[in-house]
Amino acid sequence: MLKIVGEKIILRSVQKEDIQTLWKLRYVEENPEFKKWDAPYFPLVRVEYEDFYNRMIGQLESGYDSEMIIEVDGKIIGTVVYYWEHEPSRWMEVGIIIYLPDYWNGGYGTEAIKLWVTHLFKQFPTLVRLGYTSWSGNHRMVSVGKKLGMIEEARIRKARIVNDQYYDSVKLGVLREEWQTLHGEQVGRIVNL
């Protein structure tokens, strides 16, 4: 199990014991508050617990490392993920969800992205660029990237509809050398358990 200890949060590997909590955070509420900000233009597709459990167990058994838990004082508040946008050109994208509104606007997401991006650049030594996509209505998410030194690389105007209103799709990104200049190579304390 990998654990990255920051000032406010811990990023850690998903464990079997986390599956039920993750499922509840994502699917118990019919209209969860986080979904108003996390790509609300895509419907939340509910997954039955047994299906979610079986999928997660299969992923964990195969060495699942593309998602980590965001934890504060022993409580799961969210997750970070990565996926390859285009692996041959070494272009990776990240995502974050903080499920609990009590932890919004407190710097937890900023620290999680900072720890996660630093970790991914170390884990994948040939990785050239990292980025994420948000929407112009999610000011917090756009602000986080800019605060950490990411550059707004694209704005696709009126590409998303939320509550019958058009918003832009916003892509932010950073190159390895830019990130290292801004943040160095070590952020947080890494603990392998």
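Structure summary
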| quantity | calculated |
| --- | --- |
| Residues being open to solvent by less than 80 Å² (accessible area, probe 1.4 Å), over 17 Å from the mean Cα position of the chain (by Cα) and either polar (S, T, N, Q) or under 22 Å from S89 (Cα atoms) (or both) - total across the stretch 127-155 | 5 |
| Condition check for L182: loosely packed, with under 14 Cβ neighbours inside 10 Å and in contact with a Gly (Cβ under 7 Å, 6 or more places away or on another chain) | yes |
| G109 part of a helix (DSSP H, G or I) and surrounded by 15 or more Cβ atoms within 10 Å (Cβ to Cβ) | yes |
| Considering residues of the stretch 62-99 that are small (G, A, S) and assigned to a strand (DSSP E or B) only, the residue surrounded by the most Cβ atoms within 10 Å (Cβ to Cβ) | G78 |
| Out of W37, W84, sole residue that is within 25 Å of S136 (Cβ to Cβ) and under 16 Å from the mean Cα position of the chain (by Cα) | W37 |
| First in the stretch 88-113 and in contact (Cβ under 8 Å) with a residue 24 or more places away in the chain and of a type in the set (V, I, T), second anywhere and part of a loop (DSSP other than H, G, I, E, B) and open to solvent by 20 Å² or more (accessible area, probe 1.4 Å), Cβ under 7 Å, 6 or more apart | I97/D38; I98/W104 |
| From L127, L172, L115, L120, residue being of a type outside the set (S, T, N, Q), in contact with a helix residue (DSSP H, G or I) (Cβ under 9 Å, 6 or more places away or on another chain), at pLDDT 95 or above and not in a strand (DSSP E or B) | L127 |
| Residue match in the stretch 115-126 (condition: surrounded by 20 or more Cβ atoms within 10 Å (Cβ to Cβ), free of Cβ contacts under 8 Å to residues at least 60 places away in the same chain and within 29 Å of M56 (Cα to Cα)) | no |
| Test: residue in the stretch 131-141 that is part of a helix (DSSP H, G or I), free of Cβ contacts under 8 Å to residues at least 60 places away in the same chain and either touching a Pro at 6+ places or on another chain (Cβ under 6 Å) or under 24 Å from R160 (Cα atoms) (or both) | yes |
| Residues of the stretch 12-29 classified as open to solvent by less than 50 Å² (accessible area, probe 1.4 Å) and not in a helix (DSSP H, G or I), total | 3 |
| Test: residue in the stretch 52-70 that is over 25 Å from K122 (Cβ atoms) and of a type in the set (V, I, T) | yes |
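The values are calculated or read from the model by the stated rules, or taken from the named source; none is laboratory data. Model, not experiment: these values are computed from the prediction. Positions of Cβ are backbone-derived with ideal geometry, glycine not excepted, and every protein chain shown enters the neighbour counts. Each accessible area value is taken on the protein alone, full model and side chains, heavy atoms only, with ligands, DNA and RNA left out. Shrake-Rupley method; radii C 1.70, N 1.55, O 1.52, S 1.80 Å.
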